[in-house]
Number of protein chains: 2
Amino acid sequence: MFQTPQDAEDAYYDAVEACDLEQMMAVWENSPEAHCLLPMQPMLQGPRALRSAWSGLLKEALRVEVTVHSLQWIEQGELAIHLVEEAVTVAAQPNQPYPPIYATNIYRKGAGGWRLLVHLNAPAPPPPGAAPPGMPGG
Amino acid sequence: MFQTPQDAEDAYYDAVEACDLEQMMAVWENSPEAHCLLPMQPMLQGPRALRSAWSGLLKEALRVEVTVHSLQWIEQGELAIHLVEEAVTVAAQPNQPYPPIYATNIYRKGAGGWRLLVHLNAPAPPPPGAAPPGMPGG
């Protein structure tokens, strides 16, 4: 049970790094309104689609480290919106940085505390002059 | 003044199609929390950055038509989150459809009615087997 949106967010990124599907699913709100968009992937909506997709992703043993740089928190009532920039490092390729990713995480407070309602991310633009590099995960 | 989030959304897409900067700025909440992410562009934050970027985009006379397919509305208190798929047609190239774009629009109710707080979008994946096509605007 997450007492704050930040607690839920910490658990989300911990689950990504630990490839822990059950922790990941515990972070998500258990409702058809939950949705997730990863770069260049189809939109995932609802607990069944989320579990299926994250099961596949986390089985690949991503072994990534995600450093989260906070851009903005907007909290209002029972919703909290967090805009961040994610910097991803892949364990097998520590010297090959991936381009940063913008992510928006929306949390909602329910009877069971704060849960993740929406995770959306999109590639940030490459630095000026750089060729567009490949994205992690295709 | 927009009485509903849908009114604000209609005005947003009308402003894109009409290349009307003043209507566009009237849709946005006039606060540093307003932010906008267009595909592969830097994040825009606050009224000054929004006006500057949209001024450039709308001066190019985009002449696009945007068909909005609603995926989900989440309304809670003074926030409304709308997840949509945008299909864009460029007037000069009516037979060359662009790949769809996922967009998330977040509206907030203030003293002046509902205004757009966040617009984020990200390319949807290409259909299976298709080569990744170019994105509009870059």
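Every number here is computed from the coordinates shown, using simple stated rules; none is lab data. The structure presented is a predicted model; accordingly, all values stated were derived computationally and were not measured. Note that each Cβ is placed from the backbone with ideal geometry, even for glycine, and that neighbours are counted across all protein chains shown.
Regarding segment B:5-123, what are the three Cα extents along the principal axes, ordered largest first, in Å?
Principal axes ranked by extent give 42, 30, 24 Å for the Cα atoms.
Hey, what angle do you get for helix B:47-59 against the long axis of chain B, alpha-carbon based, 0 to 90 degrees rounded to 10?
Helix B:47-59 sits roughly 40 degrees off the main axis of chain B.
Assume the label is 7 Å from Cα along Cα to beta carbon: what separations in nm does A:SER55 have to the matching positions in the other copies?
Spacings between copies for this position, smallest first, are 5.3 nm.
So, counting K/R as plus one and D/E as minus one, what does the shell of residues with Cβ under 15 Å around A:ASN121 add up to?
Working: positive: none; negative: A:GLU9, A:GLU85, A:GLU86.
Around A:ASN121, the surrounding residues sum to -3.
What whole number of Å gives the distance from the Cα centroid of segment A:13-29 to the Cα centroid of segment B:62-81?
29 Å
Considering only DSSP beta bridges where both residues belong to the protein assembly as shown, give the percentage that are antiparallel (nearest 5).
85 percent
Can you check what the net charge comes to around B:LEU71, using other residues whose Cβ is under 14 Å from the Cβ of B:LEU71 (Lys, Arg +1; Asp, Glu -1)? If you can, show how the numbers build up before the last one.
Working: positive: none; negative: A:GLU33, B:GLU9, B:GLU85, B:GLU86.
Its environment carries a net charge of -4.
Across segment B:13-22, in residue order, what do the Karplus-derived ³J(HN,Hα) couplings come to in whole Hz, using 6.51 cos²θ - 1.76 cosθ + 1.60 with θ = phi - 60° and x for Gly and Pro?
So the J values, rounded to whole Hz, are 5, 4, 5, 4, 5, 8, 6, 10, 5, 5.
Quick one: with label points 7 Å out along Cα→Cβ, list the inter-copy distances for A:PRO97 in nm, shortest first?
Distances to the matching label points in the other copies: 3.9 nm.
Over chain A, what relative contact order in percent results from Cα pairs under 8 Å that are six or more residues apart? Please report the intermediate quantities before stating the final value.
Values: 258 pairs, mean separation 34.0, N = 138.
Dividing the mean separation by the residue count of chain A yields 25 percent.
What is the sum of charges around A:PRO99, taking Lys and Arg as +1, Asp and Glu as -1, for the other residues whose C-beta is under 14 Å from the C-beta of A:PRO99? Walk me through the numbers on the way to the answer.
Details: positive: none; negative: A:GLU85, A:GLU86.
That works out to -2.
Where the label is 7 Å out from Cα toward Cβ, how close does B:GLU22 come to the same position in every other copy, in nm, shortest first?
6.2
On the principal axes of its Cα set, how long, how wide and how thick is the protein assembly as shown? Give whole Å, largest value first.
48, 43, 31
For segment B:75-89, list residues with backbone N below 13 Å from a point placed 7 Å from the Cα of B:SER31 toward its Cβ?
Under cut-off, by backbone N: B:78-80.
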